[in-house]
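What follows is calculated from the coordinates using simple rules that are stated; it is not laboratory data. Since the structure is predicted, the reported quantities are computational estimates derived from the model, not experimental observations. Note that we place each Cβ from the backbone using ideal geometry, even for glycine, and neighbour counts take in every protein chain shown.
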2 protein chains.
Amino acid sequence: MSRWEPDARGRLEKAALDLYSERGYEQTTAAQIAERAGLTERTFFRHYADKREVLFGGSQALEQAFVDTLADTPHTAAPIDAMATTLETVAAFFLERHEHSRQRQAVIAANAELRERELIKLASLSAALTATLHRRGLKDPAATLTAEAGITVFKVGFDRWVGGNGDRPLADFLRESLKELKTVAAGG
Amino acid sequence: MSRWEPDARGRLEKAALDLYSERGYEQTTAAQIAERAGLTERTFFRHYADKREVLFGGSQALEQAFVDTLADTPHTAAPIDAMATTLETVAAFFLERHEHSRQRQAVIAANAELRERELIKLASLSAALTATLHRRGLKDPAATLTAEAGITVFKVGFDRWVGGNGDRPLADFLRESLKELKTVAAGG
């Protein structure tokens, strides 16, 4: 096998999601993922620490994108509007990722350990957004509530997007979920 | 030791929280908890499956209280108002429990495994509230958003209550947090 492996990471990710979907996450090994991708197991471990990291390797980048975008929104904006802008910007990361996201979500839903890992990821994201809002000068409880509202909107909008056929972008679903949260909070 | 052990469960719980606070959760054994409570290890295991259950043994009762109260609120009430009533009713469970809740929260905050368990508890509570709202005829995403809003208000209000000196009841903090969430969502 050539040492030059074009998009090895992407190929491993696709092979992993396909195998997790076909035979289950527990039943899949790193060696099988590498084989499906036409790569060696050694190459797998150059890109991922373990088979779980294939599903969560992007979490840190997503959190950083959330934090950077939120920090960059004009400080004059109302916190919930800064959050709306952030959600819209982060949604761009998921363009062309509908099928990938759908597969990933199904794998996670089927496994308790992965569901827990996803909860931890979202709790970490919420804490990072709260800290960013503190740095913008927002006090608590407003900062925590704004961050939690953002995470709720993201979760609900993301689930609805993943459950659909992918013909509308994630940003639309996030916008609708925020609007609905506002209605719910207002007693509608 | 007499076989009649008045309030063994409460004594074990208090002994456990004291030991977890003094020497750390990991360093405490069921035998030590029983000894501190003046009871046998066998009595400990009659009341709790393990030392973690001392901290989470009440989760199921709390979830049931949330679900029953929410199901019983008038169906004519706006969902967020039904949630407000539910939070207020459930807060009564924590009367005279400020010091207990403060100790428990500190023990959980200090241990990653317990923090994860707490996240799972809240996710389970959110799913149960969503299901209850579905049974009231509320559709998604409004049902999920109302449930998540309720959990957020509970978390934020609870943290602030625990962080205070306990001279005001939890219900006050939950009411204030809900009011603040409404302000945040409205763009205040």
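General observations
- Per-residue Karplus couplings for segment B:157-166, computed as 6.51 cos²θ - 1.76 cosθ + 1.60 with θ equal to phi - 60°, are listed in order as x, 5, 4, 5, 5, 5, x, x, 8, x Hz, Gly and Pro entered as x.
- Using a 7 Å Cα-to-Cβ projection, B:R97 label spacings across copies, nm, ascending: 3.9
- B:Q27/B:A128 FRET efficiency (R0 41 Å; Cβ-Cβ; nearest 0.05): 0.75
- Eligible lysines near B:K182 by straight Cα distance, threshold 21 Å, same-chain separation 8 or greater: A:K139, A:K155, A:K179, A:K182, B:K139, B:K155
- Dipole-positive endmost among B:H75, A:A106, B:L17 within the protein assembly as shown (Cβ charges, Cα centre): B:L17
- Per-residue average of Cβ from other chains inside 10 Å of A:143-154: 5
- Look at the alpha carbon pairs under 8 Å that are at least 6 residues apart: their mean separation over the length of chain B gives a relative contact order of 20 percent.
- ³J(HN,Hα), Karplus 6.51/-1.76/1.60, whole Hz, each residue of segment A:132-141, x for Gly, Pro: 5, 5, 4, 5, 7, x, 7, 8, 8, x
- Across segment A:117-188, the relative contact order, built from alpha-carbon pairs under 8 Å that are at least six residues apart, equals 23 percent.
- FRET efficiency, B:R135 to A:A110 (Cβ-Cβ, R0 22 Å, nearest 0.05): 0.30
- The angle between the Cα long axis of helix B:59-72 and the longest principal axis of the Cα atoms of chain B comes to about 30 degrees, rounded to the nearest 10.
- Note on segment A:56-188: with charges restricted to the Cβ of Lys and Arg (+1) and Asp and Glu (-1), its dipole about the Cα centre is near 140 debye.
- Calculated FRET value between B:A71 and A:R168, using beta carbons and R₀ = 35 Å, to 0.05: 0.50
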